[in-house]
1. Report the residue count in segment 37-70 for those that are farther than 29 Å from residue 115 by Cβ and touching a residue at least 12 places away in the same chain (Cβ under 8 Å).
2. Could you say whether any residue in segment 71-93 is among the acidic types (Asp, Glu), over 16 Å from residue 47 (Cα atoms), touching a residue at least 12 places away in the same chain (Cβ under 8 Å) and not in a loop (DSSP other than H, G, I, E, B)?
3. Which numbered condition trips up residue 96, out of (1) in a helix (DSSP H, G or I); (2) more than 11 Å from the chain's Cα centre (by Cα); (3) in contact (Cβ under 8 Å) with a residue 60 or more places away in the chain?
4. Among the residues of segment 62-70, is any surrounded by 15 or more Cβ atoms within 10 Å (Cβ to Cβ), closer than 14 Å to residue 45 by Cβ and of a type in the set (S, T, N, Q)?
5. Taking the stated definitions as given, is residue 57 exposed (fewer than 15 other Cβ atoms within 10 Å of the Cβ) and part of a helix (DSSP H, G or I)?
6. Evaluate segment 109-117: report whether one residue or more is exposed (fewer than 15 other Cβ atoms within 10 Å of the Cβ), in contact with a Leu (Cβ under 7 Å, 6 or more places away or on another chain) and assigned to a loop (DSSP other than H, G, I, E, B).
7. Return yes when residue 34 is farther than 26 Å from residue 112 by Cβ, at pLDDT below 95 and not in a helix (DSSP H, G or I) and no when it is not.
8. Scan segment 43-54 for residues that are buried (at least 16 other Cβ atoms within 10 Å of the Cβ) and either among the aliphatic types (A, V, I, L, M) or not in a helix (DSSP H, G or I) (or both) and jot them down.
Amino acid sequence: MFLRRMLSGGGGLAALRAARAVKETTGIVGLDVVPNAREVLIGLYNRTLKEIEAVPKDEGYRKAVESFTHNRLQICQEEDDWKRIEDRIGCGQVEELIEEAQDELKLIAKMIEWDPWGVPDDYEWREPSPSEGMKMI
């Protein structure tokens, strides 16, 4: 009855959104509620997809990051409610997802700096001599 009255009273969707649950605590010490978590996540996921482009396309790390980030971004774009986002992603609270996305951005920067897929400029490959052969350790 209450829901029908709210929807027919001109407020419609805005009234329904106002009636949505408001998160008061994460229940995790030191992790504050982020009231606009959905928008924050969308921004972080878009930034992640932009920054991962600096990693070579054929690298497994890039493929994995792009895959799960596209999936999570799509969920955040499809859902307005923080609880539905948490349920669909299934990897913790939205505040934890924010921390994880921030950590991923830091890792992307480090991976680009470390360049684990590159070959050092001073590297020279040479064929092992027959006397070296395959040595067992």
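The values are calculated or read from the model by the stated rules, or taken from the named source; none is laboratory data. Keep in mind it's a predicted model, so treat the numbers as computed, not measured. Here the Cβ positions follow ideal geometry from the backbone for every residue, glycine too, while neighbour counts run over all protein chains shown.
1. Of segment 37-70, the ones farther than 29 Å from residue 115 by Cβ are 37-40, 42.
Among the residues that remain, those that are also touching a residue at least 12 places away in the same chain (Cβ under 8 Å) are: 37-38, 40, 42.
Within segment 37-70, residues that are farther than 29 Å from residue 115 by Cβ and touching a residue at least 12 places away in the same chain (Cβ under 8 Å) number 4.
2. Looking only at segment 71-93, we keep the residues that are among the acidic types (Asp, Glu), and these are 78-81, 86-87.
Adding the requirement that they be over 16 Å from residue 47 (Cα atoms) leaves 78-81, 86-87.
Retained after the next criterion (residues that are touching a residue at least 12 places away in the same chain (Cβ under 8 Å)): 79-81.
Keeping just the survivors that are not in a loop (DSSP other than H, G, I, E, B) gives none.
No - not one qualifying residue is present in segment 71-93.
3. Single failed check for residue 96: (2).
4. Yes; the residues of segment 62-70 include at least one that is surrounded by 15 or more Cβ atoms within 10 Å (Cβ to Cβ), closer than 14 Å to residue 45 by Cβ and of a type in the set (S, T, N, Q).
5. Values: exposed (fewer than 15 other Cβ atoms within 10 Å of the Cβ): yes; part of a helix (DSSP H, G or I): no.
No: the conditions fail for residue 57.
6. no
7. Criteria not met by residue 34.
8. If the condition is that a residue be buried (at least 16 other Cβ atoms within 10 Å of the Cβ) and either among the aliphatic types (A, V, I, L, M) or not in a helix (DSSP H, G or I) (or both), then 44, 52 are the ones that fit.
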